[in-house]
1. Read phi for every residue in the range 160-175 and hand back ³J(HN,Hα) as whole Hz from Karplus 6.51 cos²θ - 1.76 cosθ + 1.60, θ = phi - 60°, with x for Gly and Pro.
2. Rounded to the nearest 500 deg cm²/dmol, what is the calculated helix-only ellipticity per residue at 222 nm for the chain, with -39500 (n - 2.57) per DSSP H run of length n ≥ 4?
3. For the range 256-358, what is the number of Lys pairs with C-alpha distance below 18 angstrom, counting only pairs 8 or more positions apart or on separate chains?
4. Filter the trypsin sites (Lys or Arg not before Pro) in the range 279-325 to those in DSSP coil with at most 13 other Cβ atoms within 10 Å of their Cβ, and list the result.
5. Among the lysines, select those whose C-alpha is under 18 Å from the C-alpha of Lys196, and discard any that sit fewer than 8 residues away in the same chain.
6. Out of these labelled values of Rg and Dmax of the Cα atoms in Å, (i) 19.2, 58; (ii) 21.0, 70; (iii) 26.4, 97, which was calculated from the coordinates shown here?
7. Reachable aspartates and glutamates from Lys201, Cα under 18 Å, same-chain residues fewer than 8 places away excluded?
8. Using θ = phi - 60° and the Karplus relation 6.51 cos²θ - 1.76 cosθ + 1.60, list the HN-Hα couplings for the range 11-22 in order, rounded to whole Hz, with x at every Gly or Pro.
Amino acid sequence: MTKKESLHLIERLSNASGVSGFEDDVVAIAKEFSAPFAEVSEDHIRNVYMKVGEHKADKPTIVFDAHSDEVGFIVQAIKPNGTLRFLPLGGWVPNTVPAHRVRIKTANGNEIPGIIASKPPHFMTDAERKEVQTIDDMVIDVGCTSAEEVVEKLNIAIGDPVIPDVTFEYLEATDLMLGKAFDCRIGCACLLETLKKLSEKESEFNLIGTMTAQEEVGERGATVAMNNIKPDLAIVFEGCPADDTFSEEYMIQSGLKRGPMLRNFDVSMITNPRFQRFAKETAEKYGLPMQSSVRKGGGTNGAIINLTNKGVPAIVIGVPVRYAHTHYGYVAYEDYQAAHQLAVAIVNDLTKAKIDSF
């Protein structure tokens, strides 16, 4: 794919509305993109399965995974004054939430603009100004003055998803992308581009991509998908939190323009050290930049896949995202490019004997 084509794909994925449990728009993009080179199917939790090439029982199965959902919110209640109570979908730090635009997606497909509001400082007491706000202290204002107006004019209902309202931009001067949902839409783009590249020649493996739902609320889609696939090996793409703006230099392990991150450890998974070592050696062999990380928090679909069947060797290739789990993020195009190039190189250098050795 050309850079222009890649950027267009990333733009579509980033702009798509797809908070946890409501990934339909992202699913549609994945199905449209992969249909020319893969056998595409979907399950009831909105996982997408993309089989590449001819699958045979005697071939090892390699799965490439990225989660399609983004962090967002859900309407909990409509107040008499026309504002909305809401709950988070995924992990948010409350002090990053207020004063941002959102879109409420209604049952008829319309997207209603709103503002996340909190008590104006003019009306706060000195004690209130010092308190840390919670999401319970906030509302979404859609410009109405009564609950009836919200329901009758805007068709908003309890349970409607709420999406951060951000439009993708490519910043040519710095070769950065600015937008929402790079956790994990940048991983979704890596997944699709990797599958497309690998489809160009016959493989000695069964290759399948899964774009899985509801990762941000507990890796639920991956649990369903891996029960269906039963893979032998896995490469998980992620949009991982960049750490180069608030960390000392010696602690930076996922900085922008330093290559994709290969995660050795987080609280959910100890990465298979033999597969991890092979991935790092492959990056070095082909001159691809790479960062190595050990995290005291976090978690990915790799944890679910790793525990499938008899244990599946899985690595996480993360594209660094500044300010993940907020409305806005930055991603370096060169990190994205190196991530899918590394995945392709790993598969091309693998053998069945090597997989067995992991």
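The values are calculated or read from the model by the stated rules, or taken from the named source; none is laboratory data. What you see is a predicted model, and the numbers here were worked out from it, not measured in a lab. Cβ: placed from backbone, ideal geometry, glycine included. Neighbour counts: every protein chain shown. Accessible surface is based on the protein model in full, side chains and every heavy atom, while ligands, DNA and RNA are left aside. Shrake-Rupley method; radii C 1.70, N 1.55, O 1.52, S 1.80 Å.
1. Along the range 160-175, the couplings run 6, x, 10, 10, x, 9, 9, 10, 4, 9, 9, 9, 4, 4, 10, 6 Hz.
2. Values: 10 runs with 106 residues, N = 358.
Mean residue ellipticity, 222 nm, calculated: -9000 deg cm²/dmol.
3. 5
4. Working: sites: Lys280, Lys285, Arg295, Lys296, Lys310, Arg322; in loops: Arg295, Lys296, Lys310.
Within the range 279-325, the qualifying trypsin sites (Lys or Arg not before Pro) (loop, at most 13 other Cβ atoms within 10 Å) are Lys296, Lys310.
5. Those lysines meeting the cut-off are Lys3, Lys4, Lys31, Lys51.
6. (ii)
7. Result set, ordered by chain and number: Glu39, Glu54, Glu193, Asp349.
8. 4, 4, 5, 5, 6, 4, 8, x, 6, 3, x, 9
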